[in-house]
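The values are calculated or read from the model by the stated rules, or taken from the named source; none is laboratory data. Not measured: the values here are computed from a predicted model. Here the Cβ positions follow ideal geometry from the backbone for every residue, glycine too, while neighbour counts run over all protein chains shown.
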Amino acid sequence: MHSCPHTIGCAVGGAHNSMNIFNALWFAIAEFKIGLYVRRAMTNAAATLLNPAILFFVLGAIAAFVRSDLAIPEAVTKGLSLYLMASIGLKGGVAVATAGLTGEMFAAGAAGLALSLLLPVPAFVALRRAGLGMTDAAATAAHYGSVSVVTFVTGSEVLTGQGLAPAGYMVAVLALMETPAIISGLLLARRATSHGIATTAHTPTHEMLREVFANGSVMLLVGSFAIGAIIGKDKFTSIAPVFDTGFKGILCLFLLDMGLVAARRLQGARLLTPALVGLAIALPLVNGSIGVLVGHAIGLDTGSVAALGILAGSASYIAVPAAMRLALPQADPGIYLPMSLGISFPFNIIFGIAIYTALAERFAA
Amino acid sequence: MHSCPHTIGCAVGGAHNSMNIFNALWFAIAEFKIGLYVRRAMTNAAATLLNPAILFFVLGAIAAFVRSDLAIPEAVTKGLSLYLMASIGLKGGVAVATAGLTGEMFAAGAAGLALSLLLPVPAFVALRRAGLGMTDAAATAAHYGSVSVVTFVTGSEVLTGQGLAPAGYMVAVLALMETPAIISGLLLARRATSHGIATTAHTPTHEMLREVFANGSVMLLVGSFAIGAIIGKDKFTSIAPVFDTGFKGILCLFLLDMGLVAARRLQGARLLTPALVGLAIALPLVNGSIGVLVGHAIGLDTGSVAALGILAGSASYIAVPAAMRLALPQADPGIYLPMSLGISFPFNIIFGIAIYTALAERFAA
Amino acid sequence: MHSCPHTIGCAVGGAHNSMNIFNALWFAIAEFKIGLYVRRAMTNAAATLLNPAILFFVLGAIAAFVRSDLAIPEAVTKGLSLYLMASIGLKGGVAVATAGLTGEMFAAGAAGLALSLLLPVPAFVALRRAGLGMTDAAATAAHYGSVSVVTFVTGSEVLTGQGLAPAGYMVAVLALMETPAIISGLLLARRATSHGIATTAHTPTHEMLREVFANGSVMLLVGSFAIGAIIGKDKFTSIAPVFDTGFKGILCLFLLDMGLVAARRLQGARLLTPALVGLAIALPLVNGSIGVLVGHAIGLDTGSVAALGILAGSASYIAVPAAMRLALPQADPGIYLPMSLGISFPFNIIFGIAIYTALAERFAA
Amino acid sequence: MSTARRIEILVDRPLLRRVTAAADTAGVTNYALLPTLGGRDGADAWSQDQLTGATDRILFTTVLAADKADALVAALTPLLDSHDLLLTISTVEVVRGGRF
Amino acid sequence: MSTARRIEILVDRPLLRRVTAAADTAGVTNYALLPTLGGRDGADAWSQDQLTGATDRILFTTVLAADKADALVAALTPLLDSHDLLLTISTVEVVRGGRF
Amino acid sequence: MSTARRIEILVDRPLLRRVTAAADTAGVTNYALLPTLGGRDGADAWSQDQLTGATDRILFTTVLAADKADALVAALTPLLDSHDLLLTISTVEVVRGGRF
Ligand SMILES: Nc1ncnc2c1ncn2[C@@H]1O[C@H](COP(=O)(O)O)[C@@H](O)[C@H]1O
Ligand SMILES: Nc1ncnc2c1ncn2[C@@H]1O[C@H](COP(=O)(O)O)[C@@H](O)[C@H]1O
Ligand SMILES: Nc1ncnc2c1ncn2[C@@H]1O[C@H](COP(=O)(O)O)[C@@H](O)[C@H]1O
Ligand code: NA
Ligand code: NA
Ligand code: NA
């Protein structure tokens, strides 16, 4: 049973063929050792790895690496992801309806907004240092400012299993953090343009604004959150068998698919340098730690602090890639997708969640 | 929370841009005031609007109106609709197996058949008066004679929630009402043809008969009903977690999609005149009232009376549109789809169900 | 209610139009009478036919035979089949985690492997006698050595309902039996080639090996089995609502689709001779009996004996057809698919499961 | 290499059976059906529509010899007229054209 | 019969709205969108991708008169340049070409 | 504008890997795969078939320069023969054909 982390390690290792894997590992280990929370993170990681959903993720990754023909239809994947968003939206809304509006909630929202807007800036600088051009750096930085819904969902499951359920309003924070990073990314790219280095496509501004505000996943998260808040705990019971009881099982099937998707994305990657691989691990660690610090500073409960760390540490693969394809077509998806989806996403699922949680617990202690 | 009706009102209003919305509203309000059951209908409507499934419908409509890219894959939509049909079929059959065959059941079946065959006739006359050509009027009239499975399903949920669960055999009535209206519509169009005004396509009769009798949704409804009747209550328990416990949650996801579909159908509408918009509200109200009267006259229980009203008031968007596309290609889907799916369907979901129920309760009192 | 077997009989009969249906029936009846277990098989078959999942299978077949337009999207079908595999894999693994490793388990695995490798040989001889060419006979024989996941799943449900739940490790046996028959089929075809009669396509060996070992369904079955074994009974409870409670209902929807698929496959069949139709029934009966004998000989419990009979008697329609299309393109899918999917599969679902179970019980007595 | 005709028709799903029946009549036994996501047709937007089936369209496509192509066009003409469908023909080179 | 142009563009899903907007500008009111399963584009593999939407591509296809074809190409040129898209034109015969 | 070749092959899903491998061999790095819903091929009806995967077919399509087209045809010939596939070639005009 303890061979599982090893298995995924080998599998992932098998992928960045010609890349310097030691470099990547070095980054990971170096970061891993920082702080006193290593042991707790290890325990958390072991517990995480015995979570059936995570094991399905690992199974999907293995299947992709042995080039199995296992495949889940895109329509089913999309359907499952919509279900997950509706479900966490509803549950968050019901929780807020029960707890009422609190000052914490607005503080967390403001913090999330600020993180999404600002985190791309240091990421941009680091990515430039790692050798990316202006446009690629800006597009990739936007991914790291935004968030991954599935990382949050998986993190919530893990936290709840440890008695650290994050507050219901964290779903609203998730929705708030989805898109501001897109604006930051575009501003960074435009600043670059004005220096004559890159050109952004002439995407009409109203197109971009719709992309940002009427984004499907934001609408579904916010809408379900509102519905949950309207109907409250009592009326939720009638739909709870689907949206609550079934949640963990469905998450297993979805993470099986995400394992396939993430590993295949990594296999196709030809443009990743060791430095970029390192950053795809370092950025989550740094951003996640910042998220935990901020959450602690504004006085959230331990579960919510960990959740804010998970959000800050996660990288978007839904709202941002499509927006970048539209507005920054010169940015190469062969860079930002393997980094966010192929490396940072699995890193967060397998290690990151445990690390940010351990850090949050340490601050709480 | 009371802003919800307003929200959808604005959203729907936002759609028929250049159409005279006041005209439409006038129709609605005038009809709404008829009778003494207004207050009860209002209370019912408020209760309906706090139903999570209806709220998801509203969310879908809002997303479509702000031109969000929220989209549910067609394959998932279709899968969910098959699930809903199998589920109500099974539950109806199980109920009949428990209650046994009754005279009411046959009376309700005969009434449903007659309504489906005859309701297209006055609808045809009204649609002609509203300025439609022979073929368009016949095709549209057929939609209003037939029924909407989702309106029935939603209505059953709402009725059950109010302790007015319709009888199990109403599912069979639903299946019976799906297709006779197609025959009426074609006869109306052929009568027109013999006057030299329109030409129906030379669709082989056996093609049309299969369309009518081997229609997929009819087969699934009747087949599941038969299976439910065969297995009975005891054997149903083993599959109840999927077909019963999960029903309300799945309905939420399906109505989210129907909100998107209905609102997008309305957005694309360019051919609707104010008179047609008015009829898309008036026909459900008139047909629904007729359904309630007939159900009361043949002595059904209150829940079943309301259900027959809902069936008569609903307009098809499954069996009929495809049949019309085949047999009356000159009829413009740009008229009958926005009317049935874009206006009558949401009207029935949000107001109609509550109105027919209030009417049925008034008769019962 | 007793008209159901009749109904499907007529429906299936309606399909092989010009084929000699009496011939086929003769085979079935002759085999059916052999042994003393007829009465028990009849009782079992009646019980089977009142199973809602089987009734949905019959409904699907009827819909296909009346040429209804009822259709389930391919993506949904695929999604449901992945769910079923993950679910039986998990449940098998959990059962093994509870029961521990036993000698029986390895005996059953070895028996399954041997059956999958060897059963194609007599099948090949019989198919040659029935007039098939070398390549077609080899490809078809491979199908009968391999197994049908859905037949196993349905059989497990039926057995469990009769208090004869097969051992958890039978899922691993199922996975083991999926692909060895492919190798036997190719060897049989190659032997034919060396006699100058058929030519196999120059499929690279590593392609074939991946087809065999990294086959998607094998990976998912084995992977879920491993996950079930790792997490054990306690952690399974959190995902049991999806993977256990929901199983029977989902199986109904899937078998509805399989009824459509099987019947449509039979309708399209133009190459089946009466002898091939007879073999499509005789091969399951003979192989299933061999499976029961072997299971009894190695000392498995009654449920597992029946399950091994079901596995041996079933014919693949997942792993093998795709492999044959790749490696033996001269083999005609118009022969092996109607035989395995159109005849043997429904025969096993409706009669075979009951027969192998009765035989297993007789041996146990 | 040899040349052949490629014929394409964008057909409403409810009419598909009639198009394939016309292919049968014309002795055309090779064709492929491609799905569509949607599009526009004059004033109407249409879309993949598995729910109502009414506005779903399918691209019927076939590669065939010139004489068969003429037979197919002849068999389809009534349907093209009554249901207002568009049929396009182009010439393609075919590798392994022995079958034509 | 008459001849017409057939234009095809393989377009990233996020750009689809801009292509159909260009069609509107050019007065092109008939087109069909076909789904893709994936493919390769130089070094990058792309695939049907309903999840992120970023690497999904759609085949925009239209059959139209020669002058409309020129107008469409003109309306699309900025997008072809900025987003590096490929546009192909071929000539097809059209049955029931009265509309062209 | 310039001209290019458009090649299409309707390929059984189990063979797809071998077709894309042939494209690799021929140095063809741009192609798109389109799904099909089904069709007929002589006596056999085939259909979208995600379940067994055996009768599913995919339309491999590419737009490329004439010399690359010849290389691709050469690389595919063994497969066309052993698995009885049909390959069509047509000539198209390309806008932004700088890359050819
Ligand atoms: N390259 C192609 N492009 C479009 N359709 C094709 C192509 N190849 C085959 N088809 C279609 O698929 C049918 C069956 O193909 P085949 O079995 O290979 O002859 C052909 O008759 C065509 O209609
Ligand atoms: N055979 C065809 N091949 C490709 N596209 C087609 C074909 N027929 C129609 N279309 C597309 O579908 C649009 C609408 O077709 P229609 O409404 O029949 O004019 C046409 O403008 C084309 O873009
Ligand atoms: N108009 C088109 N029709 C068919 N296939 C196309 C078309 N445009 C692009 N493709 C295919 O998609 C591949 C990648 O396109 P691109 O990346 O734009 O060069 C091309 O090599 C073609 O195979
Ligand atoms: Na982030
Ligand atoms: Na009606
Ligand atoms: Na077997």
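Take A:Ala97 and decide whether it is at the interface with chain C (Cβ under 9 Å from one of its Cβ atoms), at negative phi and surrounded by fewer than 22 Cβ atoms within 10 Å (Cβ to Cβ).
Values: at the interface with chain C (Cβ under 9 Å from one of its Cβ atoms): no; at negative phi: yes; surrounded by fewer than 22 Cβ atoms within 10 Å (Cβ to Cβ): yes.
So A:Ala97 fails the test.
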Inset, instruction - Can you tell me which residue within segment F:51-78, out of those that are facing another protein chain (nearest Cβ under 8 Å) and surrounded by fewer than 18 Cβ atoms within 10 Å (Cβ to Cβ), is nearest to the chain's Cα centre (by Cα)? - result: F:Thr77
Inset, instruction - Hey, can you tell me all the residues within segment F:1-60 that are closer than 20 Å to D:Leu59 by Cα and touching a residue at least 60 places away in the same chain (Cβ under 8 Å)? - result: F:Arg6, F:Ile7, F:Glu8, F:Ile9, F:Leu10, F:Val11, F:Asp12
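Given the criterion more than 11 Å from the chain's Cα centre (by Cα), within 13 Å of chain F (Cβ to nearest Cβ) and free of Cβ contacts under 8 Å to residues at least 12 places away in the same chain, identify the matching residue among C:Arg325, C:Arg265. Write out each step before concluding.
Values: C:Arg265 fails: free of Cβ contacts under 8 Å to residues at least 12 places away in the same chain.
On inspection, the qualifying residue turns out to be C:Arg325.
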Legend entry - In segment E:38-50, residue surrounded by the fewest Cβ atoms within 10 Å (Cβ to Cβ) [restricted to those that are at the interface with chain F (Cβ under 10 Å from one of its Cβ atoms) and in contact with a Ser or Thr (Cβ under 7 Å, 6 or more places away or on another chain)]: E:Gly42
Inset, instruction - Would you mind telling me which numbered condition in (1) at pLDDT 95 or above; (2) under 29 Å from B:Gly334 (Cα atoms); (3) among the small types (Gly, Ala, Ser) D:Ala71 fails? - result: (2)
Legend entry - Which numbered condition E:Trp46 misses (of (1) at positive phi; (2) of a type outside the set (Lys, Arg); (3) away from ligand 2 (no atom under 15 Å from the Cβ)): (1)
Inset, instruction - Specify the residue that is farthest from ligand 3 (Cβ to nearest atom); the eligible residues are those in segment A:133-162 that are surrounded by 24 or more Cβ atoms within 10 Å (Cβ to Cβ) and not in a helix (DSSP H, G or I). - result: A:Val147
Legend entry - Among residues of segment D:53-100, those that are within 15 Å of ligand 1 (Cβ to nearest atom) and in a loop (DSSP other than H, G, I, E, B), counted: 3
Legend entry - Matching residues, segment D:79-96, being within 12 Å of chain F (Cβ to nearest Cβ) and either within 16 Å of ligand 3 (Cβ to nearest atom) or of a type in the set (Lys, Arg) (or both): D:Ser90, D:Val92, D:Arg96
Legend entry - Looking only at segment C:140-151, and only at residues there that are more than 13 Å from chain F (Cβ to nearest Cβ) and within 10 Å of ligand 6 (Cβ to nearest atom), the one that is farthest from C:Pro346 (Cα to Cα): C:Gly145
Inset, instruction - Return the total of residues in segment E:1-35 being away from ligand 2 (no atom under 12 Å from the Cβ), facing another protein chain (nearest Cβ under 9 Å), over 16 Å from E:Asp56 (Cβ atoms) and buried (at least 19 other Cβ atoms within 10 Å of the Cβ). - result: 0
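Taking the conditions exactly as written (closer than 20 Å to A:Asp332 by Cα and touching a residue at least 12 places away in the same chain (Cβ under 8 Å)), does A:Pro120 satisfy them or not?
Considered against the rule, which asks whether it is closer than 20 Å to A:Asp332 by Cα and touching a residue at least 12 places away in the same chain (Cβ under 8 Å), A:Pro120 comes out as yes.
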Inset, instruction - Spot the failing condition for E:Asp56; the list is (1) modelled with pLDDT under 95; (2) out of contact with any Asp or Glu (no Cβ under 6 Å at 6 or more places or on another chain); (3) more than 16 Å from ligand 4 (Cβ to nearest atom), and only one is missed. - result: (2)
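Within segment C:286-335, take every residue that is farther than 16 Å from C:Glu361 by Cα and modelled with pLDDT of 95 or more and give me the one that is farthest from ligand 3 (Cβ to nearest atom).
First, the residues of segment C:286-335 that are farther than 16 Å from C:Glu361 by Cα: C:286-287, C:311-335.
Then keep just the ones that are modelled with pLDDT of 95 or more; that gives C:286-287, C:311-315.
Numbers: C:Val286: 50, C:Asn287: 47, C:Leu311: 44, C:Ala312: 47, C:Gly313: 47, C:Ser314: 42, C:Ala315: 39 Å.
Filtering first and then ranking leaves C:Val286.
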Inset, instruction - Please state which one of E:Gly97, E:Gly27 is modelled with pLDDT of 90 or more and not basic (Lys, Arg). - result: E:Gly27
Inset, instruction - Name, by its number, the condition in (1) farther than 30 Å from A:Leu82 by Cα; (2) assigned to a helix (DSSP H, G or I) that does not hold for B:Val261. - result: (1)
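Here are some residues: F:Arg13, F:Arg5, F:Arg17. Which one is away from ligand 4 (no atom under 16 Å from the Cβ), modelled with pLDDT of 95 or more and not aliphatic (A, V, I, L, M)?
Values: F:Arg13 fails: modelled with pLDDT of 95 or more; F:Arg17 fails: modelled with pLDDT of 95 or more.
None of the others qualify; the one that does is F:Arg5.
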Legend entry - Residue in segment A:50-73 that is among the basic types (Lys, Arg), more than 7 Å from every other protein chain (Cβ to nearest Cβ) and out of contact with any strand residue (DSSP E or B) (no Cβ under 9 Å at 6 or more places or on another chain) present: no
Inset, instruction - Considering only segment D:1-48, state which residues are basic (Lys, Arg) and more than 16 Å from ligand 1 (Cβ to nearest atom). - result: D:Arg13, D:Arg17, D:Arg18, D:Arg40
